[in-house]
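As structure tokens, the structure follows; a few thoughts come after it.
The values are calculated or read from the model by the stated rules, or taken from the named source; none is laboratory data. These numbers were taken from a predicted model, which means no experiment stands behind them. Glycine gets a Cβ as well: all are built from the backbone with ideal geometry, and neighbour counts include every protein chain shown. Please note that ligands, DNA and RNA were not included when accessible areas were found on the heavy atoms of the full protein model with its side chains. Shrake-Rupley method; radii C 1.70, N 1.55, O 1.52, S 1.80 Å.
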2 protein chains.
Amino acid sequence: MPTNDAAPLRADARRNLTKIMSAARDVVVEHGLDAPMELVARRAGVGVGTLYRRFPTREALLGAVAEAYVADLVTATRRIIDGAADPWSALRELVDWCASPGQGALAAALADLPVAQVRALPAFARSRQEWLDLLDGLVTDGQRAGTIRADIGTGDLVALLTVFTCHPDQLPRHVADQPARYLHLMLDALDATAPRATPLPGTPPS
Amino acid sequence: MPTNDAAPLRADARRNLTKIMSAARDVVVEHGLDAPMELVARRAGVGVGTLYRRFPTREALLGAVAEAYVADLVTATRRIIDGAADPWSALRELVDWCASPGQGALAAALADLPVAQVRALPAFARSRQEWLDLLDGLVTDGQRAGTIRADIGTGDLVALLTVFTCHPDQLPRHVADQPARYLHLMLDALDATAPRATPLPGTPPS
DNA sequence: CTCCAAGCGGAATGAGGTATTCCGGTTATC
DNA sequence: GATAACCGGAATACCTCATTCCGCTTGGAG
């Protein structure tokens, strides 16, 4: 977000700033972090010049979007966890939220993909860690309660959310069309109450 | 594959052609269909000029790679299915094969992603259909035998294989590092003998 | 109502990246 | 030993963006 040291923005400028942030968010969720600036501009219904009057560079815009996005993610996740009866329902609700249209676990991608410039932003890093901690609590609680299988970790959850919800236009059509279907398949796989013929190979990350 | 109407290739040229095809395959599996030609050349240890003496355009090379790849995939899949005691072991072995290094279910990607030029190649289309038919038989048999859950389809299988094994460098690190881990998680989700609290949302594609 | 700084759209610029071509030097094969 | 095939890789031609620039608009203070 641009610093607001100086004079307040004119009404139309403030309006455009909102449109830009929201367009940028959508575009990034859909096309990934290297979507062209012009796509954002068109989506926001403004000229590229307008983008650059508010954000000096592409990275600045991405950074602002990322910060706002993770902050939202933390809020939503906390609300879900607090409102749920138990860890398993919380997990299910979280998954549904991530699968809802326009949501996309972008933060998950940001958490894993190499975008040094963004990850280095203090506000982003703080929120991101907060989110990971929330998930960590959720997974641990579920495992203690015996509803989430013991041999997976938070990193697995993040990886799965990322894989099924990020950048729909680079995913197989089926997955992009019904992320919820695949996320629920994943839920079935995480269910501790199912019998397992063989142990999971590899090690839980994070 | 270049037509061999004309004179046979010189020995060194034939050698290079092999290196090119294999390099191209690896590069495409790793970096996706839009990997630069020069990457292929370097990997093959030849100059770009050599690529172009054999393949008139990038598409021609990709087409040749795709045809060869799906053909291999069909062979491997058929071998696995024929050799396995039952559909479920076949599925497990197939998954392990796809997870093995350098394998990557490229064909799955090709099956789903829009690469018209390649999909239109008759030999490719034929092999691809053959592969889908094999999988279809596998899934159906498994479902009849009660080992593969009934509410998923071949398209789901293809989508999952694609998602976890294609283009490692665009995947979350954890997934790229241990595709087998995530594919086995998927196997657990496909297991018909596990109890399911809620039905899977959406519809099985294909 | 007037004025003008703050805004705006979008064409123009420039850098970076990659498919394809070209050519002087090699090397199988006869 | 001759020569048609081959090679490597520099040079060329495009194309895709990020970013800049500038003439036109407009919110809103006076």
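Computed quantities for the displayed model
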quantity	calculated
Which numbered condition B:Glu30 misses (of (1) touching a Gly at 6+ places or on another chain (Cβ under 8 Å); (2) within 13 Å of DNA strand C (Cβ to nearest atom))	(2)
Helices (runs of 4 or more DSSP H) contained entirely in region B:99-206, each with at least 2 residues that are open to solvent by 30 Å² or more (accessible area, probe 1.4 Å) and either among the small types (Gly, Ala, Ser) or modelled with pLDDT of 95 or more (or both)	B:122-145
Pair list, Cβ < 9 Å and 6+ apart or interchain, from region A:10-39 residues that are within 14 Å of another protein chain (Cβ to nearest Cβ) to residues that are of a type outside the set (Phe, Trp, Tyr) and within 11 Å of DNA strand D (Cβ to nearest atom)	A:His31/A:Leu39; A:Leu33/A:Leu62
A:Val70 vs. criteria open to solvent by 60 Å² or more (accessible area, probe 1.4 Å) and β-branched (Val, Ile, Thr)	no
Candidates A:Asp86, A:Asp82, filtered to the one that is within 20 Å of A:Ser127 (Cβ to Cβ) and more than 16 Å from DNA strand D (Cβ to nearest atom)	A:Asp82
Contacts under 6 angstrom Cβ, first residue in region A:173-190 being in contact (Cβ under 8 Å) with a residue 40 or more places away in the chain, partner not in a helix (DSSP H, G or I), 6 or more apart	A:Ala180/B:Pro201; A:His184/B:Leu200; A:His184/B:Pro201; A:Leu190/A:Ile148; A:Leu190/A:Arg149
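Residue-wise test of (1) within 9 Å of DNA strand C (Cβ to nearest atom); (2) over 30 Å from B:Gly137 (Cα atoms); (3) of a type outside the set (D, E, K, R).
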residue: B:Val40; (1), (2), (3): yes, yes, yes
residue: B:Val46; (1), (2), (3): no, yes, yes
residue: B:Arg54; (1), (2), (3): no, yes, no
residue: B:Glu59; (1), (2), (3): yes, yes, no
residue: B:Leu62; (1), (2), (3): no, no, yes
residue: B:Ala68; (1), (2), (3): no, no, yes
residue: B:Leu73; (1), (2), (3): no, no, yes
